[in-house]
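Read the figures in this text as sums done on the coordinates, not as results from a lab. For clarity, every value in this text was computed on a predicted model and none was experimentally measured. A quick note on method: Cβ atoms are made from the backbone with ideal geometry, for glycine too, and the neighbour counts reach across all protein chains shown.
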Amino acid sequence: MGNEWQDKRKNEHFYKKAKKEGYRSRAAYKLKQLDGKYNLLKTGDIVVDLGSAPGGWIQVAREKVDEKGFVLGVDLDNIEKFNYENVINLQIDITEPETGEIIRKKLPNSPSVILSDASPDISGNWEVDHARSIELSRAALNLAEKLLERRGNILIKVFQGEFFPELLKDVGSLFDFCKSSKPRASRKESAEIYIIGKGYKTD
């Protein structure tokens, strides 16, 4: 009971903080915390944010890349437009084979960072939800292999479960540094965890 109460208080804290500071979602603090720990984003980066609705991560990424960078938000749902010349949104399915080429055409150059906070619609069947989460995570990794610049970074959300260790291993084979982490802004009972990859190793 105590843990549930503390978790609820934490959720309310980040929700109110997001409203007060103008972020579209409390998920913004997950990216802030992970970037603060692993230095994923910097001024001038070209960033692709997958599963980006309603746009909290886009806001954080734009703050970090500043006017010199570029942020492309991608989601199946419509994302309300931002008033920045260097931020655009795409309403598209990241699992479709043509998505990589569509994204490439919208970017000024190869992305230096790919973020994915994509999450499946929760069915209540854990095995199904985990499998769908893995599918989205692998779609993000596949797009990174097609688009990411050499030495680039990736951050992927995934639900922990049977197929998580294999995904972590595959990310590790493509990046110089690989680690999984759960930010403080995540709910304690949530199965979500984030995989960080730094230093993409192109052929």
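At a glance:
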| item | result |
| --- | --- |
| Restricting the range 58-144 to GluC sites (Glu not before Pro) in coil, as DSSP defines it, with at most 13 other Cβ within 10 Å | 67, 80, 85, 98 |
| Radius, Kirkwood style, for the range 2-200 when every pair of distinct Cα atoms is counted (Å) | 16.9 Å |
| Full-stretch length increase - residue 179, residue 142 - with 0.36 nm per residue and alpha-carbon distance subtracted | 11.5 nm |
| Label-reachable residues, the range 91-128, where backbone N falls under 15 Å from a point 7 Å from residue 170's Cα toward its Cβ | 95-97 |
| Backbone N under 12 Å from the residue 149 label point (7 Å along Cα→Cβ), restricted to the range 93-112 | 108-112 |
| Backbone N within the range 113-153 under 19 Å of label point (7 Å from residue 96 Cα along the Cβ vector) | 118-121, 135-144, 146-147 |
| The range 67-104: trypsin sites (Lys or Arg not before Pro) in DSSP loop, at most 13 other beta carbons within 10 Å | 68, 81 |
| Per-bin percent of Cα-Cα distances, the range 123-185 [5 Å] | 4, 16, 28, 24, 17, 8, 3, 1 |
